[in-house]
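**Q** Please read through the structure below; I'll follow up with questions.
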Amino acid sequence: MIPYIIKSNSRSKSLRISVHVDGSVVVTKPKRISNLQARFLVARRESWIKEKIDELSKKPKKLLAHYSVQDYKENRQKAYEIVWNKVLHYNKFYKYDVGTIYIRNQKTRWGSCSGKKNLNFNYKIVFLPEELQDYIIVHELCHLKEMNHSSRFWANVALQIPDYKDRRKIIKLY
């Protein structure tokens, strides 16, 4: 029997099984569905769940683990300085209007760009090698012109980071 957690979610529309990198299994269900139905789903999908757990155990673990709030507080200013200097450097080439730069403690993103031309970056950028920091900065800067991942966007990124495809593959390890 596989250990799992059942969570009720009022916004959920159907039963869903999530297998996480650490091997934990979470079943999310709408409030209207009983725990018994969720247990039946797990029993029916047991072989699939085991397959996913096995698959994930073979993947390399992320190089940057979860950090504490204290770690965020200690590294936020350093991250801001790195980002600010790199944005200034690369924007000498691109010459885009940049709104406000924010440093955030994000779980799933290295950066983002808003329609208001604000740039958001994950504070963990301080732990990355410089070539990956550069890639993230240029990637988000290029979103100021192209708010998508079209061929025009990637051509723009390639003007400063010609090996962006290789760097994209590496960043996924983090």
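**Q** Which lysines have a Cα less than 19 Å from the Cα of Lys124, not counting those fewer than 8 places away in the same chain?
**A** Lys124 reaches Lys61, Lys62, Lys73, Lys78, Lys86, Lys107, Lys169, Lys172.
**Q** Which one, Gln133, Phe153, Tyr164, projects farthest toward the positive side of the charge dipole computed for segment 69-171 from Cβ point charges (K/R +1, D/E -1)?
**A** The listed residue farthest towards the positive side: Phe153.
**Q** Got a sec to turn the phi values of segment 142-154 into Karplus ³J(HN,Hα) couplings, 6.51 cos²θ - 1.76 cosθ + 1.60 with θ = phi - 60°, whole Hz, x for Gly and Pro?
**A** 5, 5, 5, 9, 10, 8, 7, 10, 6, 4, 5, 4, 5
**Q** Also, quick follow-up: Suppose every Lys and Arg Cβ carries +1 and every Asp and Glu Cβ carries -1, with no other charges. What dipole size does segment 5-58 come out with about its Cα centre, to the nearest 20 debye? Could you put the intermediate results ahead of the total?
**A** Numbers: 13 positive and 5 negative charges, 94 e Å.
I would put it at about 460 debye.
**Q** Here's a follow-up. Which one of Asn105, Tyr90, Ile49 is farthest out on the positive end of the charge dipole of segment 31-130, using unit charges on Cβ (Lys, Arg +1; Asp, Glu -1) and the Cα centre as origin?
**A** Ile49
**Q** Here's another thing I want to ask about it. With θ set to phi - 60°, apply the Karplus curve 6.51 cos²θ - 1.76 cosθ + 1.60 along segment 133-139 and write out the HN-Hα couplings as whole Hz, x wherever there is a Gly or Pro.
**A** Here the 3J(HN,Hα) series is 4, 4, 4, 5, 4, 5, 3 Hz.
**Q** What is the sum of charges around Asn91, taking Lys and Arg as +1, Asp and Glu as -1, for the other residues whose C-beta is under 12 Å from the C-beta of Asn91? Don't skip to the answer; put the middle values down first.
**A** Details: positive: Lys86, Lys92, Lys95, Lys117, Lys145; negative: Asp97, Glu140.
Spelling it out: positives minus negatives among the neighbours equals +3.
**Q** Only bridges with both residues in segment 5-58 count here: give the DSSP antiparallel percent, nearest 5.
**A** Restricted to segment 5-58, the bridges split so that about 50 percent are antiparallel.
**Q** Where does the Debye-calculated log10 I(q)/I(0) of segment 69-171 sit at q = 0.18, 0.24 Å⁻¹, using only Cα point scatterers of equal weight, no solvent?
**A** Results for segment 69-171 at q = 0.18, 0.24 Å⁻¹ read -0.82, -1.45.
**Q** Separate question: Once amide H atoms are placed 1.01 Å from N in the peptide plane, what residues at a sequence separation of 5 or more from Tyr102, or on another chain, have their amide H within under 5 Å of its amide H?
**A** Leu119, Asn120, Phe121
**Q** Here's another thing I want to ask about it. For segment 69-171, what's the relative contact order in percent, using C-alpha pairs closer than 8 Å and at least 6 residues apart? Display every interim value, and only then the final one.
**A** On the way: 114 pairs, mean separation 25.7, N = 103.
For segment 69-171, the relative contact order is 25 percent.
**Q** For Cα pairs less than 8 Å apart in space and 6+ apart in sequence, what is the mean separation divided by the residue count of the chain, i.e. the relative contact order in percent?
**A** On the way: 195 pairs, mean separation 26.9, N = 174.
After rounding, I find 15 percent.
**Q** Just how large is the dipole of the chain about the Cα centre, in debye to the nearest 20, putting +1 at every Lys and Arg Cβ and -1 at every Asp and Glu Cβ? Let's see the in-between values first.
**A** On the way: 35 positive and 16 negative charges, 193 e Å.
The dipole of the chain has a size of about 920 debye.
All of the numbers you see were taken from the coordinates with simple rules; none came from a lab. Just so it is clear, the model here is predicted, and its values are computed rather than measured. Note that we place each Cβ from the backbone using ideal geometry, even for glycine, and neighbour counts take in every protein chain shown.
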